[in-house]
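What follows is a set of notes on a single structure, which appears directly below.
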Amino acid sequence: VQLQASGGGSVQAGGSLRLSCAASGRTFRNNGMAWFRQAPGKEREFVATINGSGSIKYYADSVKGRFTISRDNAKNTLVLQMNSLKSEDTGVYYCAARTGTIGIMIAEAAYDYWGQGTQVTVSS
């Protein structure tokens with residue numbers, strides 16, 4: 001099983017980026033998926049999560065109203081649309097997937113598969 005994150009880059013504050021995470025090796029259409037990020041010198045933190053059908057989404061307060069998580073189960077892909085980016089959004093962004101199907105989880109320990117990370121740099 002592999003999760004391949006892409007779409008990171010450098011952008012000025014106020015700009016937008018769209019991250020994608022392509023899953024291979026198994027389907028996650030019934031499983032929760034999420035984005036986490038790790039800023040330099042800080043621990044990895046939760047950003048957003050979505051349930052298997054895409055009907056339930058939950059965001060960290062710091063990104064609510066600016067980021068949108070979505071998924072395309074036909075393509076086995078997870079997306080994070082990031083708008084109105086701030087310098088504090090800088091970090092490595094990781095996609096993650098659970099084998100569990102019940103509920104919404106924001107703890108890292110709930111996720112069984114992780115992508116390699118993609119760098120997002122926001123300059124002010």
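The values are calculated or read from the model by the stated rules, or taken from the named source; none is laboratory data. All values reported here derive from a predicted model rather than from experimental measurement. For neighbour counting, all protein chains shown are included, and Cβ atoms are generated from backbone atoms with ideal geometry for every residue, glycine included. Keep in mind that these areas ignore ligands, DNA and RNA; they rest on the heavy atoms of the full protein, side chains included. Shrake-Rupley method; radii C 1.70, N 1.55, O 1.52, S 1.80 Å.
Out of all the residues in segment 71-102, which are within 16 Å of GLN4 (Cα to Cα) and either without any contact (Cβ under 8 Å) to a residue 40 or more places away in the chain or among the small types (Gly, Ala, Ser) (or both)?
Matches in segment 71-102: ARG71, ASP72, ALA96, ALA97.
Looking only at residues that are hydroxyl-bearing (Ser, Thr, Tyr) and within 14 Å of the chain's Cα centre (by Cα) in segment 69-124, which one is nearest to SER16 (Cα to Cα)?
It comes out as THR90.
Which of the numbered conditions does VAL122 fail, given that it passes all the others? Conditions: (1) of a type in the set (Val, Ile, Thr); (2) in a loop (DSSP other than H, G, I, E, B); (3) in contact with an Asp or Glu (Cβ under 6 Å, 6 or more places away or on another chain).
(2)
Is there a residue in segment 66-73 that is of a type in the set (Gly, Ala, Ser) and farther than 19 Å from GLY91 by Cβ?
yes
Within segment 105-124, can you find the residues that are of a type in the set (Asp, Glu) and either without any contact (Cβ under 8 Å) to a residue 24 or more places away in the chain or touching a Leu at 6+ places or on another chain (Cβ under 7 Å) (or both)?
ASP112, the sole residue that qualifies.
So that you can scan it fast, the table gives a plain yes or no per residue for (1) of a type in the set (A, V, I, L, M); (2) within 24 Å of ILE104 (Cβ to Cβ):
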position	(1), (2)
VAL1	yes, yes
GLY14	no, no
ARG18	no, yes
ASN31	no, yes
ALA34	yes, yes
PRO40	no, no
ARG44	no, yes
THR49	no, yes
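Go through segment 1-113 and tell me which strands (runs of 3 or more DSSP E), entirely inside it, have 3 or more residues that are out of contact with any helix residue (DSSP H, G or I) (no Cβ under 7 Å at 6 or more places or on another chain) and open to solvent by less than 80 Å² (accessible area, probe 1.4 Å).
Where strands (runs of 3 or more DSSP E) fall fully within segment 1-113 and carry at least 3 residues being out of contact with any helix residue (DSSP H, G or I) (no Cβ under 7 Å at 6 or more places or on another chain) and open to solvent by less than 80 Å² (accessible area, probe 1.4 Å), they are 2-6, 17-24, 33-38, 45-50, 67-72, 77-82, 91-97.
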